[in-house]
Amino acid sequence: MAKSKRGSTLNEEEKRPLNKENIKKLTGIFSFIKPYKGYFIVGLFFLLISSTTLLGFPYVTGKLVDVAQGNAEGIFNDINTVAMILIGILAVQSIFSFFRVYLFAQVSERAMADMRTGLYSKLMGLPMTFYDKKRIGELVSRITTDIALLQDTFSVTLAEFIRQIATLIIGSIIIFYATPELSLFMLATFPVLVISAMVFGKFIRKLSKKTQDELASANIIVEETLQSINIVKAFTSELIEVLRYKKSMGRVVKVALKSATYRGAFISFIIFAMFGGIVAVMWYGANLVQAGEMSVGDLLSFVLYTTFIGGSIAGLGDLYGQIQKAIGASERVMEILDEEGEQEIGDKAIERISLYGDIQFNGIGFSYPTRKDIHVLENLAFGVKAGEKVALVGHSGAGKSTVIQLLLRFYPVDKGEILVDGRNINQYQLSSYRQNIGIVPQEIILFGGTIRENIAYGKPGATEEEILEAAEKANAWLFIKDFPEKMDTLVGERGVKLSGGQRQRIAIARAILKNPTILILDEATSSLDAESESYVQEALDELMKNRTTIIIAHRLATIRKVNKIYVLKEGKIAESGTHEELINTVDGTYNNLVKLQLQD
Ligand code: ADP
């Protein structure tokens, strides 16, 4: 994948000059390489040896021709010896190349695995405020694409870069030393050709980028419509979509053909001008040979060296682009690694604390960090005694979920304090604190895996009996036992689809297994069928036993049994009391909410 990206034009934001400052940005990434620097240094050494020995190849090949023509000198005294030397060079070169590739792979594979794990555990430890700002797709591509790019850089690009530079420098020194006249002649012609080829090439890459862009927008049509195929069909817009796609394809072909025209011209240019240049150099060289100023072998070496050098010049352009991209990738990865986490995810065991579950919100003021202008909560105060059950009600957007997010310490409060068991919640160790809170969310997400794994999510390492007991208490066993594979039934994207009520019962089993002191029930907005409803209600009653419970109630019918109802309005508690008390408050918010719901 990374390979296909080579040679494509860089976006503006990917263009980074290779200056000191930018190279420095790679240093954060180097810290991941550090543990494997032994491998890296040996790899570099092998790389230099293999590149320099290979540079002996043209020289000795030239000598082979000279010896054939009867000009033996030094160790190059007969054809067989020279051929053996050539084979020797190849052998050294290939052995060293093997180790070079292997060693660099050791470094890049291990370092990148470390980096991925590091990045992932960083992500796990980042606060909700971070996730509010980022798109998930973007984060996934940090861990996949960006690191793949860096891996490529450390396994291939960097090595190639060094090799090409070494080839360029050493190769040039050799030809200028061995055949100065011809080298000067070449120097006068070639750079002009190389530069014009580079400019032309850049233009062509721009065009092919345009083709890719067109293709991408055509792909969006496919993606969107396949994702919402039900809508397309319901609106019978199949034909419209096909025509839209066809039109888009037409544009792709048009741009692609335009680029092909220039590419054709480029290729003819290369064939004519570049090879023309080679002919000119060879013509000059042949003249030198004829005049007896140069041997045939020297001419051959010269031609081979220039091929090497030419190749490395061509390669460097691409590699330069690759390194620029890598700097961009490392910048993006480092940006995440430098974020401040809410906690370190480490091997350190989580200290267990057992709370009673006395909750007190004192004068809470809060705005979401991404929406500082909107004061979601203002001077909010309420309390829940250990073991009590309360409901939070209020119209949608009143701030009910926000209260829960604050209790979970997803966000820091701006004003006031939240106390649990009389202590500011910020004083507890984060994970130990959260372990005391269980939640049955509105939208129940089951992870891909078995039902057993999904229930055990509430308590890693739970025994089979514990899991079964939780499932029974949650009324989940009632339906699980009817699946042929029972607890081993796969759920999630690739498994069976469970109904809303079934998912809720799994979530309840999860919470029962977790056995938290404080329980949060974010009631599902959509109602279930009567049978499911009664199973779920029964399971919830079981779950709520002996726990401080906060219910976010959307359907008021279900909360008559709670000790107290808090009505949220404009960021404050507007009313509180039992259902009976509140329903009798004429023109009260609660009363109005109930009336509204009865109308539905
Ligand atoms: P409720 O649960 O009562 O429906 P919420 O607590 O979800 O209300 O929302 C209260 C207010 O906070 C709303 O105006 C909502 O738009 C805003 N809000 C909720 N979550 C976020 C968030 N992550 N970032 C910014 N604003 C949010």
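A few comments on the model shown:
- Unit charges at the beta carbon, dipole of the chain: most positive-side option, Ile33, Ile221, Leu187: Leu187
- Summing Cβ point charges (Lys, Arg +1; Asp, Glu -1) relative to the Cα centre of the stretch 177-285 gives a dipole of roughly 320 debye.
- Translational diffusion coefficient (Stokes-Einstein; Kirkwood radius from C-alpha pairs) of the stretch 445-600 at 25 °C, 0.890 mPa s, in µm²/s: 144 µm²/s
- The chain, Rg to Rh (Cα coordinates; Rh as Kirkwood inverse mean 1/r): 1.15
- A Cβ-based charge dipole, computed about the Cα centre of the chain with Lys and Arg at +1 and Asp and Glu at -1, lands at about 1060 debye.
- Evaluated over the Cα positions of the stretch 269-318, the convex hull gives a direction-averaged projected area, one quarter of its surface, of 3.7 nm².
- With 10 Å bins from 0: P(r) over the stretch 37-180, alpha-carbon pairs, percent: 10, 27, 23, 17, 11, 7, 4, 1
- Loop-resident sites, the stretch 488-568, for trypsin sites (Lys or Arg not before Pro), counting at most 14 other Cβ within 10 Å (DSSP): Arg494, Lys497, Lys545, Arg555, Arg560, Lys561
- Note: the stretch 124-266, Cα convex hull, 180 Å³ per residue.
- One Cα centroid belongs to the stretch 131-206, the other to the stretch 397-455; the line between them spans 51 Å.
- Here's the list of lysines a cross-link from Lys473 could span, going by alpha-carbon distance under 24 Å and ignoring same-chain residues fewer than 8 apart: Lys389, Lys459, Lys481, Lys486, Lys497, Lys514, Lys545, Lys561.
- Per-residue [θ]222 nm for the chain (sum of -39500 (n - 2.57) over DSSP H runs n ≥ 4, rounded to 500): -19500 deg cm²/dmol
- For Thr236, the solvent-accessible surface with a 1.4 Å probe is about 100 Å², rounded to the nearest 10.
- Using C-alpha pairs below 8 Å separated by at least 6 residues, the relative contact order for the stretch 182-335 is 30 percent.
- Cross-link reach list, lysines versus Lys209, counting only Cα pairs under 26 Å and skipping chain neighbours closer than eight places: Lys3, Lys5, Lys15, Lys246, Lys247, Lys254, Lys258, Lys325
- Estimated from the Cβ-Cβ distance and a Förster radius of 60 angstrom, the FRET efficiency linking Phe410 and Gln290 is about 0.10.
- Heavy atoms of Phe161 accessible to a 1.4 Å probe, total area in Å² rounded to 10: 50 Å²
- Per residue, the accessible area of the chain comes to 54 Å² when a 1.4 Å probe rolls over the protein heavy atoms.
- Violating pairs (Cα-Cα greater than 26 angstrom) within the set Lys37/Lys202; Lys122/Lys210; Lys372/Lys569: Lys37/Lys202; Lys122/Lys210
- Of all accessible heavy-atom area on the stretch 194-310, the percent that carbon and sulfur account for (1.4 Å): 70 percent
- Debye-sum result for the stretch 385-508 in log10 I(q)/I(0), which assumes one identical scatterer on each alpha carbon, at q = 0.10, 0.13, 0.23 Å⁻¹: -0.43, -0.69, -1.31
- Along its first, second and third principal axes, ordered by size, the stretch 154-205 spans 36, 29, 6 Å in Cα coordinates.
- Inter-label distance, nm, simple model (7 Å from Cα along the C-beta direction), Val232/Phe98: 5.2 nm
- Charge-dipole axis of the chain as Lys and Arg at +1 and Asp and Glu at -1 on Cβ define it, positive-most pick from Val420, Phe104, Val536: Phe104
- Potential lengthening between Tyr120 and Ala530 on full extension [0.36 nm per residue; Cα-Cα distance subtracted]: 143.3 nm
- The stretch 404-529 - percent of accessible surface contributed by carbon and sulfur, probe 1.4 Å: 50 percent
The values are calculated or read from the model by the stated rules, or taken from the named source; none is laboratory data. The model shown is predicted, which means the values in this text are computed figures rather than measured ones. Positions of Cβ are backbone-derived with ideal geometry, glycine not excepted, and every protein chain shown enters the neighbour counts. All accessible areas refer to the heavy atoms of the entire protein, side chains included, with ligands and DNA or RNA removed. Shrake-Rupley method; radii C 1.70, N 1.55, O 1.52, S 1.80 Å.
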